[in-house]
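Beneath this line is the structure, given in structure tokens, with notes to follow.
The values are calculated or read from the model by the stated rules, or taken from the named source; none is laboratory data. Everything numeric in this text was worked out from a predicted model, so none of it was measured. A quick note on method: Cβ atoms are made from the backbone with ideal geometry, for glycine too, and the neighbour counts reach across all protein chains shown. Surface areas here come from the heavy atoms of the whole protein model, side chains and all, with no ligands, DNA or RNA. Shrake-Rupley method; radii C 1.70, N 1.55, O 1.52, S 1.80 Å.
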Amino acid sequence: MLNKYSLKLAVLLIFSFGTASFALSQSYPTKPIRLIVPNPPGGGTDTVARLIAQKISPALGQQIIVDNRSGGGGRIGAELAARSPNDGYTLFLGSASSLITGPALYPEQTNYDPIKDFSPISIAATTAYILAAHPSVPVKSVKDLIKIARGKKGSLTYGSTGPGSSAHLGMKLFESMAKVSLIHVPFKGSSPAMVSLTSGEIDIMFGNYQATLGLVRAGRLRALAQSSPNRSTLAPDIPTVSEGGVPGFELTQIYSVVSPTGVPPEIIRRLNQEIVKALPAEDVKKIMAAKGIEIKVSTPDELGKLLASQLAIWTKVIREAGIRKAN
């Protein structure tokens, strides 16, 4: 049982620890912060990263410097981030390929654990895909697609940007959940895949949100559904795959801000606080909407749970479909 002196000492220690934690969160940062992006300049991940740097730097009082480290399907940048000092001065903007599908596709070549080697900070943004069909295909909904696919097994073709790409994995998940069989036609990149879809050489595809939506609005493609769990504010007239007859289906690119594991929780909280405060601003939403990206933020715990669940889902899809991707 604590005597009065022990009790006073305990209270003093707790107070001192709390004061030190507060001081750390207030003094951080004292120098520029590096934000590693596992993709080259110009893409979606890079766009989100530069927006974070622009909007968060003033609040922190230090510059966030975007460091593009592309290659290895995102694994080069992710490994560099995972092996960086855990002092809060190196952050990583993860995507599906670097934190989820890449490690699942290349387990023997991935030198980091996407969950254990990173501390979640916040979701920054998300983007879905549009399941689109060439107008010549006699389908206007997901239900139509399922009906035809079940009636004429192996008659419908779908495109992707290559084995193991989001478009490929998303369709494998769709096949599994909808209990249909489709023919995969891989392409080397999104441009040739989209050209093939708009020309009618392939029937359907999960396409890049911004590019596909433009072609849908122009009448060159027909939107069957969007792959997000809820209808996007960018196209509220397009139902989700889940609404169309495949409950629970989701294929979403999640832009996740994480740090090397072991960063002090006070710094994690400070970074989360600034991200949650700055990114949902209307001007930021407008900039991202023009690129087919929706701003979404979270607590560190919410992001951690999401990453773990996504890794489990896509690892299962990859294993059951026997997908192998050339390095």
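Data overview
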{"item": "Filter result (open to solvent by less than 30 Å² (accessible area, probe 1.4 Å) and over 17 Å from the mean Cα position of the chain (by Cα)) within segment 48-66", "result": "ALA53, ILE56, SER57, LEU60, ILE64, VAL66"}
{"item": "Cross-chain or 6+ apart pairs with Cβ under 7 Å, segment 189-214 first and assigned to a helix (DSSP H, G or I), then of a type in the set (Phe, Trp, Tyr)", "result": "ALA193/PHE187; SER196/PHE187; TYR209/TYR129"}
{"item": "Restricting segment 215-229 to residues that are free of Cβ contacts under 8 Å to residues at least 60 places away in the same chain and not hydrophobic (A, V, I, L, M, F, W, C), the residue that is least open to solvent (accessible area, probe 1.4 Å)", "result": "PRO229"}
{"item": "Count of segment 155-184 residues which are open to solvent by 30 Å² or more (accessible area, probe 1.4 Å) and free of Cβ contacts under 8 Å to residues at least 40 places away in the same chain", "result": "6"}
{"item": "So SER232, is it assigned to a loop (DSSP other than H, G, I, E, B) and buried (at least 20 other Cβ atoms within 10 Å of the Cβ)", "result": "yes"}
{"item": "Residue that is most open to solvent (accessible area, probe 1.4 Å), among those in segment 195-211 that are touching a Leu at 6+ places or on another chain (Cβ under 8 Å) and over 21 Å from VAL180 (Cβ atoms)", "result": "THR198"}
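To keep it simple, each residue is scored yes or no on (1) surrounded by 18 or more Cβ atoms within 10 Å (Cβ to Cβ); (2) over 22 Å from VAL284 (Cβ atoms); (3) touching a strand residue (DSSP E or B) at 6+ places or on another chain (Cβ under 7 Å).
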position	(1), (2), (3)
ALA81	yes, yes, yes
GLY94	yes, no, yes
ILE121	yes, no, yes
PRO135	no, yes, yes
